[in-house]
1. Where residues in region 1-37 are acidic (Asp, Glu) and out of contact with any Leu (no Cβ under 7 Å at 6 or more places or on another chain), which of them is nearest to residue 53 (Cα to Cα)?
2. Do the conditions hold for residue 245, that is, is it within 17 Å of the chain's Cα centre (by Cα), buried (at least 22 other Cβ atoms within 10 Å of the Cβ) and farther than 29 Å from residue 92 by Cα?
3. Being touching a residue at least 40 places away in the same chain (Cβ under 8 Å) and either of a type in the set (Phe, Trp, Tyr) or part of a loop (DSSP other than H, G, I, E, B) (or both) is the filter; apply it to region 209-226 and report the residue that is surrounded by the fewest Cβ atoms within 10 Å (Cβ to Cβ).
4. Can you go through 188, 180 and tell me which one is of a type in the set (Ser, Thr, Tyr), outside any helix (DSSP H, G or I) and either out of contact with any Leu (no Cβ under 8 Å at 6 or more places or on another chain) or surrounded by fewer than 19 Cβ atoms within 10 Å (Cβ to Cβ) (or both)?
5. Return yes or no: is residue 98 outside the structural domain of residue 129 (by TED's automatic domain parsing) and either of a type in the set (Val, Ile, Thr) or assigned to a strand (DSSP E or B) (or both)?
6. Across region 63-80, what is the total count of residues that are at negative phi and either among the acidic types (Asp, Glu) or assigned by TED's automatic domain parsing to the domain that holds residue 147 (or both)?
7. So, residue 4, is that one closer than 22 Å to residue 202 by Cα, among the hydroxyl-bearing types (Ser, Thr, Tyr) and in contact (Cβ under 8 Å) with a residue 60 or more places away in the chain or not?
Amino acid sequence: MNDYRKVKLVVTDMDGTLLHSDYTLNPEFFEIYRQLEELDIKFIVASGRQYDSLLHIFRSIKDDIYFIAENGGNVIYRGSPVFIQRMEQRGIKEVVKIVRSLPETEMLLCGVKNAYVEAAYPEFEKHVTPYYPKRKVISDLSAPIDDQIVKIAIFNKTSSETNVFPYVKQLEGEYQVKISGKHWVDISVKDSNKGFALKEVQDILHISKEETMVFGDYLNDLEMMEEGYFSYAMANAHPLLMESARFHADSNDEDGVLKILKEVIKQRKMTTH
């Protein structure tokens, strides 16, 4: 059995990790969270999702936790920005030009105020709605927008790894290019990732890597795995994330995160009595 006495911070991804495959959260989470709070264990949600999507799920505890949204591009605490990783217009235009040439591929510009699309196709909307509830349709994604764009999310209905990543991989020298799900590739500024964002929040909270527990399932969680000693890959995780994690948890649909957190709580309560 692992020794969880040092754990002071829990960080979890959402889709494929804390959430079930139907995008639902086990209501038991909130009771588990309250027990973590009683043990003075902090909690961070770290996701590729838009802040408003995360806020909807965690509204009842919104002033108690840090939100690492947009894969680290937008970090929020108590409704205020901790920091924002803004893309320059030149980079946005470069990515938009490449993606427009790819078949069966759509994209969103992910801003602090809204996400922006050029068209709203039913298939695209079905995949976009859970992650980006605040959206606007505009005529030209390559034109300047009155917002801080933190990420470009690219969607391919078949496979992002096969049909998108090879065509944008060339941008890795200058940008962060991440396969963030079966259908998604995310592009942002070079140091905009969950790991960089987590390290910034760890510094604010004065919590070390050795005191941090992290859960993830996909390649946009790789840097985050490096910032927590207790790094858990879900049973449904990408093979490369499985290799990078120190420990493994049951799948998201088996509530793997909650099972480990219950172990942490049980062990800590035993050692404090």
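1. In this case the residue turns out to be 15.
2. It is true that residue 245 is within 17 Å of the chain's Cα centre (by Cα), buried (at least 22 other Cβ atoms within 10 Å of the Cβ) and farther than 29 Å from residue 92 by Cα.
3. 218
4. Result: 188 is the single residue among 188, 180 that is of a type in the set (Ser, Thr, Tyr), outside any helix (DSSP H, G or I) and either out of contact with any Leu (no Cβ under 8 Å at 6 or more places or on another chain) or surrounded by fewer than 19 Cβ atoms within 10 Å (Cβ to Cβ) (or both).
5. Spelling it out, it is not the case that residue 98 is outside the structural domain of residue 129 (by TED's automatic domain parsing) and either of a type in the set (Val, Ile, Thr) or assigned to a strand (DSSP E or B) (or both).
6. Summing the residues that are at negative phi and either among the acidic types (Asp, Glu) or assigned by TED's automatic domain parsing to the domain that holds residue 147 (or both) in region 63-80 gives 2.
7. yes
Each row is one residue, and each column tells you yes or no for (1) small (Gly, Ala, Ser); (2) in contact (Cβ under 8 Å) with a residue 60 or more places away in the chain; (3) within 25 Å of residue 219 (Cβ to Cβ); (4) assigned to a helix (DSSP H, G or I).
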{"position": "16", "(1), (2), (3), (4)": "yes, yes, yes, yes"}
{"position": "29", "(1), (2), (3), (4)": "no, yes, yes, yes"}
{"position": "34", "(1), (2), (3), (4)": "no, no, no, yes"}
{"position": "40", "(1), (2), (3), (4)": "no, no, no, no"}
{"position": "44", "(1), (2), (3), (4)": "no, yes, yes, no"}
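The values are calculated or read from the model by the stated rules, or taken from the named source; none is laboratory data. All values derive from a computational prediction rather than experimental measurement. Glycine gets a Cβ as well: all are built from the backbone with ideal geometry, and neighbour counts include every protein chain shown.
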